[in-house]
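**Student:** Once you've had a glance at the structure underneath, I'll fire off some questions.
Every number here is computed from the coordinates shown, using simple stated rules; none is lab data. Keep in mind it's a predicted model, so treat the numbers as computed, not measured. Note: ideal-geometry Cβ built from the backbone for every residue, glycine included; neighbour counts use all protein chains shown.
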Amino acid sequence: MANFKEIVTKAVIGKAKKTNQMSFSFTPDESVNTVLGCWVINHNFSGVNQGGKVGINGSFDVNVWYSYDNDTKTKVNSKRFSYHDVLNVPLKDQATLTSSSEIIVRSLKQPSVTNVSVEEGDIKLDVEKELGVEIVGDTKIKVPVEDDYDDYEEIVDEEEVESIDTVDENYLD
């Protein structure tokens, strides 16, 4: 008959992903005629326990290349944007998010500009990103334990082998 033991270990107790679209705007020093290019760099983020939910604080830089002065000059303008997302990550098996839980945030899809426009002197941007969150915490697993289980091999001393002192040379004849 097997008994059971509970082992406390670290495991993923919650996992989720979220795609969202954010809108930003900024006003450059020049009067923009045409946006020639736009890209996102330096994406940084971290996750924290925020009252049982996961708060993600992040930022990235957006570089916008545009023309001005009747399309005779160009310039690249860089602007840092910050964001804060709150995710309600579903937890498995009645687990709870505690201060000792580890929150791992990954960028599943890097932020990218999906739409850019110039409206009344402002550059308006739509940025899309996808983040994945894993919560690692303590959990219990049950394992069967066999009673009186002995996995050692028994070694029995072998008897001494007699040595032959003389050989009969006519044995094969």
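**Student:** Rounded to the nearest 20 Debye, what is the dipole magnitude of the chain about its Cα centre when Lys and Arg each give +1 and Asp and Glu each give -1 at the C-beta?
**Tutor:** It comes to approximately 3440 debye.
**Student:** Go through [x] 43, 35, 31; [y] 117, 53, 21; [z] 112, 52, 21 and flag the label whose value is the computed Cα extents along the principal axes in Å for this structure.
**Tutor:** Answer by label: [y].
**Student:** Residues with beta-carbon under 12 Å from that of residue 43, excluding residue 43: net charge, scoring Lys, Arg +1 and Asp, Glu -1?
**Tutor:** +2
**Student:** Of the cross-linked pairs 109/142; 15/75; 53/75; 18/124; 17/140; 92/129, which ones have a Cα-Cα span greater than 32 Å in the structure shown?
**Tutor:** Pairs exceeding the cut-off: 109/142; 15/75; 53/75.
**Student:** Relative contact order, percent, of the range 1-79 when contacts are C-alpha pairs under 8 Å separated by at least 6 residues?
**Tutor:** Rounded, it is 26 percent for the range 1-79.
**Student:** Before anything else, pin down the relative contact order of the range 2-146: Cα pairs under 8 Å, at least 6 apart, normalised by residue count, whole percent.
**Tutor:** That works out to 39 percent.
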